[in-house]
1. For a quick check of your reading of the model, give me the residue pairs whose first member lies in segment 220-244 and is at positive phi, whose second is assigned to a loop (DSSP other than H, G, I, E, B) and surrounded by fewer than 13 Cβ atoms within 10 Å (Cβ to Cβ), with beta-carbon atoms closer than 8 Å and at least 6 apart or on different chains.
2. Working only within segment 246-262, note down all residues that are touching a residue at least 40 places away in the same chain (Cβ under 8 Å) and surrounded by 14 or more Cβ atoms within 10 Å (Cβ to Cβ).
3. Residues in segment 128-140 that are assigned to a loop (DSSP other than H, G, I, E, B) and modelled with pLDDT of 90 or more: how many?
4. Of everything in segment 260-302, what is aliphatic (A, V, I, L, M) and either out of contact with any Gly (no Cβ under 6 Å at 6 or more places or on another chain) or not in a strand (DSSP E or B) (or both)? Give them in sequence order.
5. Among the residues that make up segment 47-55, is at least one of them closer than 30 Å to PRO129 by Cα, assigned to a loop (DSSP other than H, G, I, E, B) and modelled with pLDDT under 90?
6. Can you confirm whether segment 147-158 contains a residue that is touching a helix residue (DSSP H, G or I) at 6+ places or on another chain (Cβ under 8 Å), acidic (Asp, Glu), under 20 Å from ARG104 (Cα atoms) and surrounded by fewer than 22 Cβ atoms within 10 Å (Cβ to Cβ)?
7. Across segment 115-127, what is the total count of residues that are at pLDDT below 90 and in contact with a Gly (Cβ under 7 Å, 6 or more places away or on another chain)?
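The values are calculated or read from the model by the stated rules, or taken from the named source; none is laboratory data. Note that this is a predicted model, so its numbers are computed, not measured. Here Cβ is always computed from backbone atoms with ideal geometry, including for glycine, and neighbour counts include all displayed protein chains.
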Amino acid sequence: MSFLVVLAVIAVVLVVAGVVWGIVALVRRQAYIKSIRARGWNFVNTPTWDSVARLGNPPFGLGFDRKPDDQITGVTPSGRSFQVIEYKSSYWSGWVGMVTLTRRLPELWITGGETTPRYGVLAQAAPAPVQLGPGWQVGTMDPAFAQEAVTPQLCQQLTALAAGQPGVNLSIDGDQLVVLDPPRKDLDRLVPWLEQLGAAATAIDSTPLDHWVQPEPEQRLRFYHHPEWYWVGVDDSLLQVAPVQRGGSNHRTENAVRGRDGDGPPFVAFEHHWTTTRTESYTDSNGNTQTRTVTEHHSEPVLGFQLPVRMPPLTVGRKGLSRGIEFESEAFNKQFAIFAQDRKYAYDVIHPRQMEYLMAAQGRPFEIVQDWVWFSPGEHSQPAIAHCSAYLRGFLGRVPRFVWRNLGLADTPYPALDSSPVG
């Protein structure tokens, strides 16, 4: 038998094996789904965003690439609503189980056993009750809430939950008690696991925590610790406003986000995609010169903040080949290049305290054009938007009051964030 024949036989065997494996996997999946529905539960192969719209804490609420997948919903034997869902993002991929609480409460994080705190969590450590034993960690934004919520009754239920799996990674996310890595493959294990999680929820519901109840948020794709951000997705009208690249064709937007942080200016952020074509010459295998059309795909991150009033042009960038306006601080001049049509205006805005702030904050370059501030963020990401938002708010808070009044406002729209007023 020749070598080529052997390869062909192996290829056929591999194809047949792949087909058989695919059939077996399909049969098993259908049997699994049938078993789910036989228990009176629901199974959704491709759930919509509504399935996770109420959730905003990690692994939810992070990044732009988020995908809910296989979803199981139902009611536990004790009558508590639950959801088990597969979830994927740029930062995490896996399964999540949750039961519904009777109130929306502040975020709380409890981990124990063979597990670690979740990526992206912004919380401070709180003392873990002695009832939990060694190896448990508690995280919260308010230690007083953790002290009231993590009762001996809850500790008892968490210890029981941990007995059935290697580690517990639990959180309160609004009105959901969420745990990573539920035993979703084995439904006989999943039923008591959900019942035990429901018992933990009962311990929380029975604790007097009404004074901690949180307001109901809008039902939209949310961002962790940025309650006023919201997902847009596609909004090509932004291309008419933003200073994007105009050449090429097939201009479009992706991953558009709008929002604001506190009393800072509202922003728009998106990815701009477009294509260009060019003709190039090449030599074919016969030595003849031919031409072909090459299409190239381009993208750029765009981030802009809208101001309440038009401001004179001003660019704040890093020192490069262009020197910009010279200021009294040599350290500042070595790092920054400031450009403005009105030098006095530049000196009014870039005063000594402003220079100290810009050098310490190390933000991205930006340009003020009429009533917009356009950044060069370097990337389109949640951290980049958040950093530029905080950086700009600090800059605007240091613009003197007389500058805003000269622009037609009664006072500064962005009060100083520190204890000393500006201007």
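1. Qualifying pairs under 8 Å: HIS225/LEU122.
2. GLY248, ASN255, VAL257, ARG260, ASP261
3. Summing the residues that are assigned to a loop (DSSP other than H, G, I, E, B) and modelled with pLDDT of 90 or more in segment 128-140 gives 3.
4. ALA269, VAL294, VAL302
5. Yes, because at least one residue in segment 47-55 is closer than 30 Å to PRO129 by Cα, assigned to a loop (DSSP other than H, G, I, E, B) and modelled with pLDDT under 90.
6. yes
7. Number satisfying all stated conditions: 2.
This table checks each residue for (1) under 30 Å from HIS298 (Cβ atoms); (2) more than 26 Å from the chain's Cα centre (by Cα); (3) modelled with pLDDT under 95.
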| position | (1), (2), (3) |
| --- | --- |
| GLN370 | yes, yes, no |
| TRP374 | yes, no, no |
| HIS380 | yes, no, no |
| ALA384 | yes, no, no |
| TYR391 | yes, no, no |
| GLY394 | no, no, no |
| VAL399 | no, yes, no |
| PHE402 | no, yes, no |
| VAL422 | no, yes, yes |
